[in-house]
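One structure is given below, encoded as structure tokens.
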Amino acid sequence: QVQLVESGGGLVQPGGSLRLSCAASESRFSLYAMGWYRQAPGKQRELVATIASGGSTSLADSVKGRLTISRDNAENTVYLQMNSLKPEDTAVYYCKGVDPNGIEYWGKGTLVTVSS
């Protein structure tokens, strides 16, 4: 069973930065498509960013220019660098991995709170 463990969440002031990490217990990590999702209180979970096994990325329009997704296949880790954070970025952030067979795995999430 693949495990994904997110870390790096916390409380940050508006305009601040955080870097989230998602570590995978999977030696074939480089073959996985990875993504970050978030769920704000009272709202549905939404896609934030994805990165393919080959490294191509996509970002939701609401975070373009502020958030960046990257991966380190040697460390089996995907990152979400978040800059210029806004109160509306407050959410639980989840990591998702999709293996070459299309099976999805989810982490348990890490809470990001943007508040002064």
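Some values worked out for this structure:
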{"item": "Members of segment 97-116 that are more than 21 Å from ARG19 (Cβ to Cβ) and hydrophobic (A, V, I, L, M, F, W, C)", "result": "VAL98, ILE103"}
{"item": "Count of segment 14-57 residues which are in a strand (DSSP E or B) and among the acidic types (Asp, Glu)", "result": "1"}
{"item": "Test set (1) free of Cβ contacts under 8 Å to residues at least 12 places away in the same chain; (2) within 12 Å of the chain's Cα centre (by Cα) - GLY8 fails condition number", "result": "(1)"}
{"item": "Set GLY35, GLY54, GLY16: member being of a type in the set (Gly, Ala, Ser) and farther than 16 Å from GLY97 by Cβ", "result": "GLY16"}
{"item": "Whichever residue in segment 99-116 is in a loop (DSSP other than H, G, I, E, B) and either of a type outside the set (Gly, Ala, Ser) or touching a strand residue (DSSP E or B) at 6+ places or on another chain (Cβ under 7 Å) (or both) and, among such residues, is farthest from SER84 (Cα to Cα)", "result": "ASN101"}
{"item": "Residue satisfying condition, being surrounded by fewer than 19 Cβ atoms within 10 Å (Cβ to Cβ), under 20 Å from THR110 (Cα atoms) and at pLDDT 95 or above, within set ALA40, ALA52", "result": "ALA40"}
{"item": "Filter result for THR68 (open to solvent by 40 Å² or more (accessible area, probe 1.4 Å), polar (S, T, N, Q) and more than 15 Å from VAL92 (Cβ to Cβ))", "result": "yes"}
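The values are calculated or read from the model by the stated rules, or taken from the named source; none is laboratory data. Computed from a predicted model, the values in this text were never measured in an experiment. For neighbour counting, all protein chains shown are included, and Cβ atoms are generated from backbone atoms with ideal geometry for every residue, glycine included. Only protein heavy atoms, including side chains, enter the accessible area calculation; ligands, DNA and RNA are left aside. Shrake-Rupley method; radii C 1.70, N 1.55, O 1.52, S 1.80 Å.
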